[in-house]
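All of the numbers you see were taken from the coordinates with simple rules; none came from a lab. Note that the coordinates shown come from a computational prediction; the quantities given were computed from them, not determined experimentally. A quick note on method: Cβ atoms are made from the backbone with ideal geometry, for glycine too, and the neighbour counts reach across all protein chains shown.
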Amino acid sequence: MENENAAVKAPLEGIEKQATEELIDKTLELYPEKARKKRAPHMSANDPGVEGCTVKSNRKTVPGVMSARGCAYAGAKGVVWGPIRDMTHISHGPVGCGYYSWGTRRNLVEGHQGVDVFSAMQFTSDFQEKDVVYGGDKKLAKICTEVRELFPLAKGISVLSECPVGLIGDDINAVAKKSSSELGVPVVPCNCEGFRGVSQSLGHHISNDSIRDYVIGTYEFKDEPTDYDIALIGDYNIGGDAWASKKILEELGLNVKAIWTGDGQIEHIAATHQVKLNLIHCYRSMNYMAKVMEERYGIPWMEFNFFGPTKIAASLRAIAARFDQKIQDNAERIIEKYTPMMQAVVDEYRPRLEGKRALLFVGGLRPRHTIGAYEDLGLEIVGTGYEFAHNDDYDRTYEEMAKGTLIFDDASEIELETWAKEYKVDLVGSGVKEKYVFQKAGIPFRQMHSWDYSGPYHGYDGFPIFARDIDMAINSPTWGLVKAPF
Amino acid sequence: MSETCAVKKVTEITPEEVARVEEWINTEEYREKNFAREAVVINPAHACQPLGAQLVAHGFEGTLPFVHGSQGCASYYRSALTRHFREPAAAVSSAMTEDGAVFGGQNNLFEGLENAYTLYKPKMMAVFTSCMPEIIGDDLTAFISNARKEGLIPEDFPVPYANTPSFNGTHINGYDAMLKSILSYLATDKKVEGKDNGKLNLIPGFDCNTGNYREYKRLCKEMGIDVTVLADVSESFDSPLDGTYRPYPGGTPLEEAADVLNAHATLSMMLHASKETIKWFKNETEAPVDVMPAPIGVANTDNFLMKLAELFGKEVPEPLKAERGRAVDAMTDAHQYLHNKKFAIWGDPDYLAGMISFLLEMGARPYHIICSRGSKKVTKYLQALLDASPYGEGCHIWMNKDLWHLRSLVMTDPVDALIGSSHGKMVARDANIPHIRHGFPVLDRVNLHRVPYIGYQGAINLLTSIANTLLEEVDRTSEDKHFEIMR
């Protein structure tokens, strides 16, 4: 999207490019030589527009380093397919992958689990030795038949391969094709074995490809298309995010015809080729299909940001600019309506948060998209990084950060510890594996993948909750108890 | 679907259809269909081998769990343990990718061992495998020995390793494999003929309650017995918050672990989950090696203490006798709230054995017993427990069944409450009955992993949570005219 803050960010007090470069050198000294060389290009002192200050990304994780990354299966199950509420998602392979990813992403859905929605359930082929030796294709066919019978309202089945499936040479695509025609519902194979690629990211891509190959264009909406039909892409409804986003978009006068994939419905997703505009929140995980729909159906797409009032207002205006005067007037009206409410939130929390410093390390869009929300509350982001981003994510990040701040890729735990300590941060926003590391060190923390079991954080509904959560993390009286008086 | 498929119109599921299926999935007919399935497992109560292996690794001093396989596997085990304990779970992986399938995982393991050794300064790295190296047939023995020859890790640096294929058995088998590997690595050549260090080796099994580990130690102390709790995660997963992060906050001291073959006796609390480890002990030492049910409930605790007394020639001391008396007092005071109440429980075989025993002691009925993975031998063992009590009559053991089976059972043949992991909460909601969070994992309540359920004190704790949950339910659901101050 056009960068509405194209002006260079104001520098942060005490954050100098040279000092950050020295910190990077110090961090790299922790590593043996070979690993040092591998890690070095993945961290940089920010200097927007300067060629040498870019961060290398989407490379193999260094073995033996405590990476936070997941795998392709995690990207497919946890991110793209899992949230689609009205399908049964088969974790095909041994029991573990499905077990560990069961109900852990907080993709909320409308409906009754096991009746018309299935997203909080764990379907697994629970591979045993014999399945590995003789192959699991027959078992998969039987699984499809069984779930079709037991869950008659399910609108389809996704088959998410785990490592052994690809290694033993099973052909899930053939099974899916046959089962689909026999059962009369889409059975979508997704070859997302965990060993593919270097992170979750390839799982997103493979899943997008399976939507391209098996889903898009296979349904049409019942109602006649209108000029205001849009799809909300890359909102996974963590803690109700997509509902908060949808609410504003509808207030704007747009018809949200499909959500990819939070609280998602497969037939709506399949009919998305009929919309007029695709709005993308998480660019990383869904840009592939946005581009496919642009090429194949001529549907334009744009990125937007619904974190915090400043970015929401800018995004509403940018979205409205794609439509007529009526929508543009609505945008101004909405901004006017919510501004005092958001100001009240800022007035309440900002005095307690002004000048506090945070370090972010998250996934798809949040390392850049949440910056504005923190800044609305007076926080300063001294470093930000992604688990599984690509160059185009970093290109969108540099300008959001002040000069001299730290930008990094696939950080290991020991790096994060070093940086949090050096910058004396007041908050770390990252994942559950990192959470207790920092809390033990006396550093406030919020899980920024799962919203720490809170949310939504999107939209005007989300900002007051975000503000409350950041405030309680940093200002909880329990931090005053850490040092014993004796 | 091919492009020739006719494009269909989007349809919405109607409220009538939802209502019909909502009713149907609660019927006997559905139960029959559900139990007839042979291939799909839905909402299982078991995880895969490496999770158990990682738990064991965390239980040794200065030990870094090292997953040989994809990095995503390590992230999953770490998250699973972290979410349950709300504690860090430091572990690394060899980050194998597609090329590993072609060239094998040796290079990744080499690099991983060197980096992890330098960065995280462990005293030991415990290597275990996830799917990929198991399928391609990586030879860990050769790889690790090569890594030493290459000088990537010091010659004498301990790197025990275990094969823990996820497509064979469950987390409890991984626990066994890793524990055996670590002990045999550290202790095999440390056996001194005729030496008896006077200690007890205690194997708790796949136990994710840090309170239990502390309780084992306290009971042994009360008995005057010097104990080495093996794979002791009590500190690893319940460490103080004092402003300093420590990646290895506790665990069985390596020196103690190295001395296990010189112990006075070894006791495993897991009848069905420490086979390999026990076999190793029996081969390596003449000292007594015994396996018995975990001390859940009064009788199991009695047996545990009597076993300790017998092995070490001690008397059960007065304070423990008084503790027993208090447990019996609590159980008698509260018996009316549990008597003849029906419960559904699920989990690993040994955990179930303990829970069955406790419920029967209370005159309660472990009515539906779901064992996710187990043999005929386990069924027979659990059935014998039921047969020994009148309250076991009519109770059912459902072997190799999952929590979607449990749903059908509870809907067609109801119980008063569920006792088990957070994964049962959907069943409890649909059945509109209370759910007492217990076992592993608990993802939606705080601190339960700190409350022990073994020993006499554990029996009181268990009783307290069950009885009070039922009483709370009475208050929550009673009409005004029956809403009383006393219960």
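Principal axis extents of the Cα atoms in chain B, from largest to smallest and rounded to whole angstrom, are 81, 76, 47. Stretching residue A:391 away from residue A:322 to a fully extended chain increases their span by 22.1 nm, per 0.36 nm per residue minus the current alpha-carbon distance.
Between helix A:172-183 and chain A there is an angle of about 60 degrees, using the helix long axis and the longest principal axis of the Cα atoms.
Taking amide H positions as modeled 1.01 Å from N, with prolines and chain starts lacking one, the residues under 5 Å from residue B:162 and 5 or more places away or on another chain are B:127, B:128, B:129.
Amide H contacts of residue B:266: B:201, B:289, B:290, each under 5 Å away and 5 or more positions distant or on a separate chain (H built 1.01 Å from N in the peptide plane; Pro and chain starts excluded).
Taking the C-alpha atoms only, the angle from helix A:309-320 to the longest principal axis of chain A is near 50 degrees. For the range B:165-247, the number of Lys pairs with C-alpha atoms closer than 17 Å, counting only pairs eight or more positions apart or on separate chains, is 6. Structural descriptor for the range A:2-87: relative contact order 18 percent, calculated from alpha carbon pairs under 8 angstrom and at least 6 residues apart.
Karplus-derived 3J(HN,Hα) values for the range B:132-139, using 6.51 cos²θ - 1.76 cosθ + 1.60 with θ = phi - 60°, are 4, x, 5, 6, 7, x, 4, 9 Hz; glycine and proline are entered as x.
For residue B:327, neighbours were defined as the other residues whose beta-carbon sits under 12 Å from its Cβ, and their charges (Lys and Arg +1, Asp and Glu -1) total -2. Distance between the pseudo-spin-label points of residue A:297 and residue B:306 (7 Å out from Cα toward the beta carbon): 7.3 nm. Other residues lying with their Cβ under 10 Å from the Cβ of residue A:166 contribute a combined charge of -3, Lys and Arg counting +1, Asp and Glu -1. Starting from the Cα of residue B:322, move 7 Å in the Cα-to-Cβ direction to define the label point; list residues of the range B:212-248 whose amide nitrogen is under 12 Å from there. Nothing falls inside the zone, counting backbone N under 12 Å. In sequence order, the range A:360-375 has phi-based couplings of 10, 8, 9, x, x, 10, 5, x, 10, 5, 8, 3, x, 5, 4, 5 Hz under the Karplus curve 6.51 cos²θ - 1.76 cosθ + 1.60, θ = phi - 60°, and Gly or Pro positions carry x. For the range B:165-176, backbone phi angles converted through the Karplus equation (6.51, -1.76, 1.60; θ = phi - 60°) give residue-by-residue couplings of x, 6, 9, 8, x, 9, 3, 6, 6, x, 4, 4 Hz, Gly and Pro being listed as x.
Rounded to the nearest 0.05, what FRET efficiency do residue A:54 and residue A:149 give with R0 = 60 Å and r taken as the Cβ-Cβ distance? Could you check? Approximately 0.65, to the nearest 0.05. Residues whose amide H comes within less than 5 Å of that of residue B:60, counting only those at least five positions distant or on another chain, are B:252 (H built at 1.01 Å from N in the peptide plane). Which angle between 0 and 90 degrees, to the nearest 10, do you get for helix A:413-422 versus the longest principal axis of chain A when only C-alpha atoms count? In chain A, helix A:413-422 runs at an angle near 20 degrees to the longest axis. In the structure displayed, which of A:17/A:311; A:356/A:424; A:257/B:9; A:403/A:424; A:247/A:356; A:311/A:433 lie more than 20 Å apart, Cα to Cα? Pairs exceeding 20 Å: A:17/A:311; A:247/A:356; A:311/A:433. Sorted fewest first by neighbouring Cβ atoms within 10 angstrom, B:280, B:346 come out as B:280, B:346. With K and R counted +1 and D and E -1, the other residues having a Cβ less than 12 Å from that of residue B:164 yield a net charge of -2.
Remark on the range A:360-431: Rg and Dmax equal 11.3, 30 Å (Cα only). Mean separation of Cα pairs under 8 Å and 6 or more residues apart, divided by the residue count, gives chain A a relative contact order of 19 percent. Loop-located trypsin sites (Lys or Arg not before Pro) in the range A:378-431 (DSSP state not H, G, I, E or B) with no more than 15 neighbouring Cβ atoms inside 10 Å: A:424. Legend: calculated FRET efficiency, residue B:469 to residue B:380, from the Cβ-Cβ distance at R0 = 25 Å, rounded to 0.05, equals 0.20.
With the cut-off at under 12 Å, measuring from each backbone N in the range A:116-131 to a point 7 Å along the Cα-to-Cβ line of residue B:12 picks out no residue.
Assuming a ≥ b ≥ c are the square roots of the Cα gyration tensor eigenvalues, decide whether the protein assembly as shown counts as rounded (a/c under 1.5), prolate (otherwise, with a/b larger than b/c) or oblate.
Details: a/c = 1.58, a/b = 1.31, b/c = 1.21.
It is prolate, given that a/c is not under 1.5 and a/b is the larger ratio.
Quarter the surface of the alpha carbon convex hull of chain A and you get the mean projected area, 24.8 square nanometres. Going by neighbour counts of Cβ atoms within 10 Å, the residues B:359, B:271, A:160, A:379 line up, fewest first, as B:271, A:379, B:359, A:160.
For the protein assembly as shown, the antiparallel share of DSSP beta bridges with both residues in that region comes to about 10%.
Pop out the Kirkwood hydrodynamic radius of the range B:101-180 from its pairwise C-alpha distances, inverse of mean 1/r, in Å to one decimal.
Its Kirkwood hydrodynamic radius stands at 13.3 Å.
Segment residue A:16..residue A:350, full-extension length gain: 117.7 nm, with 0.36 nm per residue of separation and the alpha-carbon distance subtracted. Over chain B, Cα pairs under 8 Å with separation of 6+ residues give a relative contact order of 16 percent.
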